[in-house]
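Following: one structure in structure tokens, then a few remarks.
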Amino acid sequence: MVNRILGRVGVALAVAAGIGLFSLGGQAAAADNWPDRPVQVIVSYGAGGASDRQARLLAAPLEKALGVPVVVQNMPGAGGQVAAVSLLRAPADGYTVLATNEPDLSMTAALKSSPYKYEDLDIIMVDVFDPRILLVTKDSPIKTFADFVNMAKAEPGKLSISVAQGAAQELFAKWLVSSLGLKVRIVGFKGGGEAATAMLGGHVTATLGDDFARLNIRDLSRTLLLGSPKASPRWPEAELLADALKPYGVTPPTPRFLTRYGVYVVSAAFRKAHPDRYLKLQKAIATAMSSKDFKDQLAKQGFSDLALAEPGDGHKEAFAKTLTVIKELAK
């Protein structure tokens with residue numbers, strides 16, 4: 001598994017950077033002493049959300065791979081812009097990495113007045129994919145997605161959905177209710193963890209989350225909808241998005257519309273100025289993701305089926321297609 005993943009990383013970079021496959025005896029060995037001090041991973045959302053949990057899961061094996069401490073810090077706000085700005089303001093030396101997700105990363109840069117361009121950023125690795133889910137509390141009178149739709153139609157404006165504000169979760173929720181012609185309040189929070197807490201506390205009817213991220217409330221909630229063409233072993237009760245919408249004459253723009261992809265990002269300036277460090281960092285992340293400790297944790301938590309551990313370059317085309325759909329929806 002390790003050789004397979006590291007092989008994909010090497011091949012992708014050979015094409016992207018034009019410098020050939022890397023190995024410990026080649027390009028990486030010629031690098032400077034980087035890193036010789038702690039590496040900071042900035043999480044673009046609050047504690048308890050998917051990006052935060054995955055970054056903290058990666059931190060320990062990444063420390064082993066790099067040989068220096070890895071410090072995780074949360075910087076939520078503005079749909080991830082606060083953390084992205086912090087990354088770009090830091091020196092382009094590889095000591096700062098952003099843990100965030102797509103499509104939020106490209107969406108905030110393309111659709112909002114962010115102080116940076118999408119081209120200023122570089123996705124170095126894609127960690128996991130995480131389909132959207134619509135949840136209610138286990139004791140909710142709403143048992144199915146059809147129940148939710150019927151109740152929303154019977155009492156316009158009464159139902160509400162909590163989301164991570166300014167992010168793709170919010171866009172998905174707005175697309176869902178508008179496509180069905182429903183009047184449902186969308187309530188924004190700084191992160192997915194806070195949005196879920198609001199639902200559990202009875203402050204909103206439902207919450208829009210992510211398959212893996214909301215495992216922490218599995219025993220307290222029930223999923224009405226899964227934004228994927230494939231069933232989830234974690235939420236077997238969930239109705240698949242396309243199936244749930246078919247009776248209403250609605251078709252999702254893509255099979256995994258607005259699925260969350262956990263990504264690690266560096267500045268494009270770093271990749272350009274320090275290609276040797278970029279290779280070393282990417283290889284270290286791949287090694288960490290391929291480590292027994294990391295994979296054991298994935299298996300223990302029950303989401304090995306969502307793991308990708310792939311170079312970002314291989315996903316550029318897919319992310320671009322999703323962004324095209326987002327722009328159309330935003331018009």
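At-a-glance table
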read-out	value
Under the Debye formula (equal points on every Cα, no solvent term), log10 I(q)/I(0) of the range 132-248 at q = 0.14 Å⁻¹	-0.49
Between 0 and 90°, nearest 10: helix 145-154 axis offset from the chain longest Cα axis	50
Relative contact order of the range 132-248, pairs being alpha-carbon contacts under 8 Å that are 6 or more residues apart, as %	34
Proxy reagent accessibility, fewest Cβ within 10 Å first, across SER228, SER140, SER178	SER178, SER140, SER228
Rounded FRET efficiency, nearest 0.05, which uses the C-beta distance separating GLU317 from ALA231 and R0 of 22 Å	0.25
Förster radius 35 Å - calculated FRET efficiency between LYS143 and ALA269 (Cβ-Cβ, nearest 0.05)	0.10
Equivalent ellipsoid, the chain (semi-axes from 5 times Cα gyration tensor eigenvalues, Å)	36, 20, 18
Theoretical FRET efficiency, 1/(1+(r/R0)^6), r = Cβ-Cβ of LEU111 and SER178, R0 22 Å, to 0.05	0.85
Cβ-based exposure ranking for TRP34, TRP235, in which fewest neighbours within 10 Å come first	TRP34, TRP235
Long-range HN-HN contacts of ILE186 with modeled amide H, under 5 Å	ILE161
Calculated from backbone phi, Karplus (6.51, -1.76, 1.60) coupling profile of the range 292-297 in Hz, x at Gly/Pro	4, 4, 5, 5, 5, 5
Set of the range 145-164 residues, backbone N closer than 16 Å to the point 7 Å along the Cα-Cβ line of HIS203	160-164
Other-chain or far-sequence residues with amide H under 5 Å of THR254's (modelled H)	none
DSSP bridge pairs, the chain: antiparallel proportion in percent, nearest 5	55
Estimated distance in nm for a label pair at LEU220 and ALA242, the labels positioned 7 Å out from Cα along Cα-to-Cβ	3.4
Nitroxide proxy distance, nm - points 7 Å out along Cα→Cβ at ASP93 and MET151	5.5
Estimated vicinal HN-Hα couplings, Hz - the range 260-271 in sequence order (Karplus 6.51, -1.76, 1.60; Gly, Pro = x)	7, 10, x, 10, 10, 10, 10, 6, 4, 5, 5, 4
Fraction of antiparallel bridges per DSSP, the range 122-241 only, in percent to nearest 5	50
Highest to lowest packing among 97-109, 245-257, 67-79, scored as the average C-beta count within 10 Å	97-109, 67-79, 245-257
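Laboratory data are not the source of any read-out in this text; all were calculated from the coordinates shown. Nothing here was measured: the structure is a model prediction, and the numbers come from that model. Cβ: placed from backbone, ideal geometry, glycine included. Neighbour counts: every protein chain shown.
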